[in-house]
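Asker: Okay, here's the structure, questions in a sec.
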Amino acid sequence: MGTNLSEIGLSAFTLLGAAILLGFYVGRGVRWIRLPSIIGYMVVGLLLGPSVVGLFDEPSIDRFAFITQMALGFVAFSIGSELSLASMKHLGGGVVSIIFAESFGAFLAVLAGVYLLTRDWPMALVFASMAPASAPAGTVAVIQEYRAKGSLTKTLYAVVGFDDGLAIIIFAFAAALAKSLLVQEATGQAGSVLPAMWAPAKEIGLSLLVGGTTGFAFCLLLRGLQNSRDIFIVLVGAVFVAIGLSLRWNLSLILTNMAVGFVLANLRREAVVRRVTAPLLDVMPLLFILFFFLAGAHLELAALPSLGSLGLVYIVGRSIGLIGGARIGGMLGRLEDKVRKYVGLGILSQAGVAIGLALIVRHEFNELGAQYNLEHALRIGAATLTTVTATCVFFEIIGPILTKFALEKAGEIPKA
């Protein structure tokens with residue numbers, strides 16, 4: 001471990017400035033080898049973080065949590081602003097088919113793989129419940145960096161936006177069932193699944209309600225504004241309000257801000273929506289540098305040796321489930337060939353949501369293990385957090401690379 005930020009007296013501004021400059025130039029460098037810039041941003045964060053040089057430790061990183069929240073808020077808003085019902089009708093029900101097929105495909109593939117490896121139904125259910133969650137920031141960053149346009153791009157925006165909501169629902173049911181099986185193992189009596197459904201259902205419903213209300217108010221505030229600078233100021237205020245309310249009431253930050261963008265996209269004309277979102281194309285690259293720098297700093301290389309067969313099964317099962325499920329969903333929805341073939345490659349990134357769910361599992365299963373003196377529950381909680389953290393390193397690196405590959409093969413990245 002090297003000397004950390006507090007020991008050498010570097011200020012937060014010095015760190016952020018260095019992160020921006022190093023990230024920018026390393027990001028440009030990796031484009032020479034045809035990789036997305038965000039890989040370079042993460043490499044810089046990884047090198048300066050606790051895993052390698054140790055220039056700054058976890059407390060130092062945590063001081064910048066607001067940057068991560070801010071970036072996710074604008075990413076979610078960008079996704080929502082692309083989801084106008086008029087344009088979605090052109091894609092038809094195929095997008096819905098893809099969302100359900102890839103989410104449940106990943107769930108079932110990981111469920112089967114982990115059960116065959118461990119013969120442990122509660123553990124298989126918990127790991128399967130992690131698989132559908134995605135990291136929309138990686139996909140959106142690649143789309144915006146290469147200015148991709150087309151039906152695959154539209155589909156990716158819709159899928160990465162909505163599948164996190166479905167992932168939370170799947171997690172709620174699967175985790176509740178796993179806990180019920182563990183309670184039955186400890187007491188001989190089945191636990192109740194239905195009460196566990198209320199919390200995630202309330203979170204999703206309130207997220208959409210708060211986001212929709214904020215979005216409606218934002219549309220009203222836009223009336224009479226002509227100057228793009230004024231529009232951008234009001235946009236930042238609306239997104240910050242949505243982020244703050246999400247954090248205050250423990251709602252889904254992604255769903256809340258996506259709802260703000262969705263309301264804008266469907267209440268105002270497309271020309272107005274483009275005027276609102278145009279400034280983001282200049283601001284988002286800076287947020288992406290800081291966001292993925294911090295994401296790289298959070299990656300723990302020490303977790304990789306503990307990956308083991310369980311982690312490999314999870315990686316293979318999730319990849320097969322997402323790619324295969326998306327293809328099946330595209331076929332059922334009768335989408336065009338390039339969407340069917342490549343949409344699955346664009347949704348493999350996984351980070352924040354999955355790690356958040358893994359932390360919930362560790363907390364709740366540790367409480368369950370302490371309550372019933374159940375070693376089985378403690379073992380599942382520890383294995384879930386360790387394995388998901390390690391596999392996220394893999395998916396955060398390979399995900400953006402495959403997204404770029406998919407967009408290139410689909411012909412949606414403009415020629416330089």
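Asker: Mind checking which residues of segment 321-334 are farther than 11 Å from Glu102 by Cβ and either among the aromatic types (Phe, Trp, Tyr) or part of a helix (DSSP H, G or I) (or both)?
Answerer: Correct list: Met331, Leu332.
Asker: Any idea which of (1) more than 17 Å from the chain's Cα centre (by Cα); (2) crowded, with 20+ Cβ neighbours inside 10 Å; (3) among the polar types (S, T, N, Q) is the one Ser87 doesn't satisfy?
Answerer: (2)
Asker: Given Leu166, Leu245, which one is modelled with pLDDT of 80 or more and over 27 Å from Ile347 (Cα atoms)?
Answerer: Leu245
Asker: Looking only at residues that are touching a residue at least 40 places away in the same chain (Cβ under 8 Å) and polar (S, T, N, Q) in segment 363-416, which one is nearest to Arg318 (Cα to Cα)?
Answerer: Among those that are touching a residue at least 40 places away in the same chain (Cβ under 8 Å) and polar (S, T, N, Q), it is Thr391.
Asker: Residues to consider are Gly94, Gly54; find the one that is over 29 Å from Phe240 (Cβ atoms), surrounded by fewer than 19 Cβ atoms within 10 Å (Cβ to Cβ) and in contact with a Gly (Cβ under 8 Å, 6 or more places away or on another chain).
Answerer: Gly54
So that you can scan it fast, the table gives a plain yes or no per residue for (1) closer than 19 Å to Gly330 by Cα; (2) buried (at least 24 other Cβ atoms within 10 Å of the Cβ); (3) modelled with pLDDT of 90 or more:
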{"residue": "Ala65", "(1), (2), (3)": "no, no, no"}
{"residue": "Thr68", "(1), (2), (3)": "no, no, no"}
{"residue": "Val75", "(1), (2), (3)": "no, yes, no"}
{"residue": "Phe104", "(1), (2), (3)": "yes, no, yes"}
{"residue": "Leu116", "(1), (2), (3)": "no, no, yes"}
{"residue": "Thr139", "(1), (2), (3)": "yes, yes, no"}
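The values are calculated or read from the model by the stated rules, or taken from the named source; none is laboratory data. None of the values given here were measured: they were computed from a predicted structure. Here the Cβ is made from the backbone with ideal geometry for all residues, glycine too, and neighbour counts use every protein chain on show.
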